[in-house]
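This report refers to the structure that appears directly beneath it.
We did not get these values from a lab; they are worked out from the coordinates using the rules stated. None of these values were measured; they are calculated from a predicted model. Using ideal geometry, Cβ is built from the backbone for each residue, glycine included, and neighbour counts are taken over all protein chains shown.
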């Protein structure tokens with residue numbers, strides 16, 4: 001993957017943001033912890049971006065990461081926080097990175113949430129992605145909410161699903177493969193079968209067959 005900021009520059013960039021806004025320990029401690037998880041996060045980011053054909057994610061036939069493109073940076077910070085959360089020694093770093101992502105991009109994606117290897121955030125402001133089972137090639141627009149209910153029932157979302165602006169998927173919702181959840185749809189404890197577009201509001205969700213001429217952002 002090509003980088004606009006090389007690894008040392010990227011480390012310094014993230015470290016300054018963390019120490020300015022969520023200070024803990026020393027600058028050298030923050031850098032050391034970041035350095036221990038950055039290679040894994042960059043590898044995951046590179047694989048994800050290599051599957052995305054949205055504007056600015058590719059350069060000269062390779063995945064390209066520019067941290068000043070906010071959707072890209074939000075996705076990278078999720079990978080970085082999730083990677084940090086796998087080790088007890090960097091768990092507090094994961095909390096700080098989660099908070100940084102929330103502050104910078106108004107997204108709430110806790111570092112314990114298991115997003116797929118390939119996903120795309122589009123205009124990510126106001127999005128909350130909670131504990132659910134997510135399939136690969138997930139596309140999420142602004143203002144989306146995915147989450148559980150008080151009795152801890154969580155959605156299952158298939159592969160190649162697009163969640164459009166301000167849609168919500170909650171509770172025991174079952175979203176099949178190759179589904180588009182339309183803007184402002186509210187799906188709670190209902191099923192949208194594979195290959196369909198879902199719209200409306202629970203308990204009266206409607207759906208129709210999805211057209212094959214819709215072009216996704218992912219390869």
### Message
Explain nothing, just the number: relative contact order of region 1-71, from Cα pairs under 8 Å at least 6 residues apart, as a whole percent.
### Response
45
### Residue order, fewest to most surrounding Cβ atoms within 10 angstrom, among 52, 205
205, 52
### Query
Given the chain, what percent of its DSSP beta bridges are antiparallel, to the nearest 5?
20
#### Entry: Helix 91-105 axis, angle to the chain major axis (alpha carbon atoms, nearest 10°)
60
### For region 23-121: rounded, prolate or oblate by the Cα gyration tensor [a/c cutoff 1.5]
prolate
### Query
Can you give the FRET efficiency for residue 153 and residue 125, using 1/(1 + (r/R0)^6), R0 = 30 Å, r = Cβ-Cβ distance, to the nearest 0.05?
0.65
### Summary
Taking r as the C-beta separation of residue 2 and residue 209 and R0 as 35 Å, the FRET efficiency to the nearest 0.05 is 0.30
### Task
Would you order 105, 123 from fewest to most other beta-carbon atoms within 10 Å of each residue's own beta-carbon?
123, 105
### Whether region 119-209 is rounded, prolate or oblate, judged on the alpha carbon gyration tensor where a/c under 1.5 counts as rounded
rounded
#### Entry: Fully extended contour minus Cα-Cα distance, from residue 28 to residue 165, at 0.36 nm per residue
45.3 nm
### Summary
Length-normalised contact order of the chain, Cα under 8 Å, at least 6 apart, in percent, tallies to 12
### Task
Can you tell me the relative contact order of region 119-209? Whole percent, Cα pairs under 8 Å, sequence separation 6 or more.
20
